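The values are calculated or read from the model by the stated rules, or taken from the named source; none is laboratory data. Given the structure is predicted, the values throughout are model-derived calculations rather than measurements. Quick reminder, even Gly has a Cβ in these numbers, built from the backbone with ideal geometry, and neighbours come from all protein chains shown. Just so you know, the surface numbers come from the protein's heavy atoms only, side chains and all, with ligands and any DNA or RNA stripped out. Shrake-Rupley method; radii C 1.70, N 1.55, O 1.52, S 1.80 Å.
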Amino acid sequence: MKAKISAVITTFKRSFKQIQPAIESALTQTYPCQDIWVVDDNGQGTPLQQTLAQEIKMHYGEKIGYLANKQSVGAQVARNRGIFKCQGEFICFLDDDDTWKKEKNARQIALFADATVGLVYADGYDVIINEQGQQTTSLYRTRRKYLHEIRHEDLLYGNYLGTTSQVMVRKQALLRCGIFDPQLPAAQDYDLWIRISKQYRCVGVPIPLFSYYTHTGQQISKQPTKAIIGHEIIYRKNKDEMSLTDKWHLNYLIFRKCWEAKKGRLLAWYTLKMLFWGGLAVLFDNRNLLQRLSSRQYEG
C-alpha cells in the first residue's frame, strides 16, 4: 500500500496572496499529499483570519483543511495542532512563505523504506528578501558541508538541520519522541530534532528541494533574547549527554546571542562559561574539538 503523506502549513500575519505559493507547492507534488492543513495563528475573528478563511475556501474548497486558533499561540503550538489532524504516516511542515520543489515528497518518502529512519531532510535554497524587496539566493547553509546523515552526537554540538520546511518526519517518531515543546520561546525545532535523533536515524536528500525565505527584521529565530532562553533550555535538557566540546559550543552560541542582544551581565556570564568549557575541551576532549573545528560542517 502506498504510504500517505500529510502537510502542515502554519501562517501568521501574511495575506492569502503571500501564502498561496506555499499552498500551491504542497498541492502540486508529484507524490501527492493525503491531506494538507493550513493552521491560521492570527486569532479567530481578526480581519486577516476571516479573509484567509474565505480565500482558502473559495480557491481550494475541500482540497485544503483549514484550522483557525482562537488566539495567537505561536508557530510551534500551531504545528502541534496540525499534527493531531494529519491522517498520513509521514508529516511535512511548511512555513507560510517557504516553498517546495515538486519532487520533494517523492524523493524523501523513498528513504523511509528503512524502518530505522525517523526523519528525512534535504538540501535547499536560502532566499533573503530585504526591506526594498530585493532577493539574494544561495544554497541553504552554504558555510557547512552537506551531510548525508546527521547523528544524535552531531545535534548535541549544534543544529545541523535547521528549518522545519525541509523535513519529512515519521508520525510514529513524533508520537514516540514527543511533539514541539511550547515551553521554549525559540529553537523548538532544534529541540525536537535532538529528541528524534536519539531514537531514529536522520538522513538527507543531497539536492535542493525547498526554498527558505528570510524577511529582514521579521524572523523570530533572529530575536536574540528569545534565542538565548531557548538555547539555555536545550542546554539544560541535554547537558548530561554532551561532550566537553558540545558544552563549549552551545555556550559559545548563547554567548553570540548575548552579544547580539547587548545583554551585558549575561554576556559576561557566558563569556566565563564559554572559556571554562573551552579550556576543559582543549585539555580533555581535544581530538573531538579539533575534528569539529576542522571539518567546517557546522554553520555556527
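Quick notes on this one:
- Other residues lying with their Cβ under 11 Å from the Cβ of residue 76 contribute a combined charge of -2, Lys and Arg counting +1, Asp and Glu -1.
- Label-to-label distance, nm, for residues given as residue 282 and residue 115 (7 Å Cα→Cβ offset): 4.9 nm
- Under the criterion of Cα pairs below 8 Å and six or more residues apart, the relative contact order for the stretch 37-173 equals 26 percent.
- Accessible area in the full protein assembly, largest first, 1.4 Å probe, for 58, 1: 1, 58
- Entry note, the chain: relative contact order of 19 percent, from Cα contacts under 8 Å with a spacing of 6+ residues.
- Per residue of the chain, the DSSP helices (runs of n ≥ 4 H) give a summed -39500 (n - 2.57) that works out to -13500 deg cm²/dmol at 222 nm.
- Distance distribution P(r), the stretch 6-75, all Cα-Cα pairs, bin width 5 angstrom from 0: 3, 17, 31, 26, 14, 6, 1, 0 percent.
- Extension gain from residue 260 to residue 239, taking 0.36 nm per residue of separation minus the Cα-Cα distance: 5.2 nm
- Rg/Rh (Cα only; Kirkwood hydrodynamic radius) as it applies to the stretch 10-50: 1.03
- Reported value for the stretch 95-178: 138 Å³ per residue, from the convex hull of its C-alpha atoms.
- The alpha-carbon atoms of the chain define a convex hull whose volume equals 134 cubic angstrom per residue.
- Nonpolar atom fraction for the stretch 111-238, defined as the carbon and sulfur part of the 1.4 Å probe accessible area, stands at 50 percent.
- Calculated FRET efficiency for the pair residue 207/residue 175, C-beta based, R₀ 25 Å, to 0.05: 0.25
- Evaluating kT/(6 pi eta Rh) at 25 °C and 0.890 mPa s, with the Kirkwood radius of the stretch 144-227 over Cα pairs in the Stokes-Einstein relation, gives 175 µm² s⁻¹.
- Modelled this way, with points 7 Å down the Cα-to-C-beta line, the labels at residue 102 and residue 2 are 1.6 nm from one another.
- 28 Å tail of the calculated P(r), the stretch 1-149, as % of Cα pairs: 24 percent
- Rounded to the nearest 0.05, the FRET efficiency derived from the C-beta distance between residue 135 and residue 20 at R0 = 25 Å is 0.90.
- Environment charge at residue 263 (Cβ cut-off 13 Å; Lys +1, Arg +1, Asp -1, Glu -1): +3
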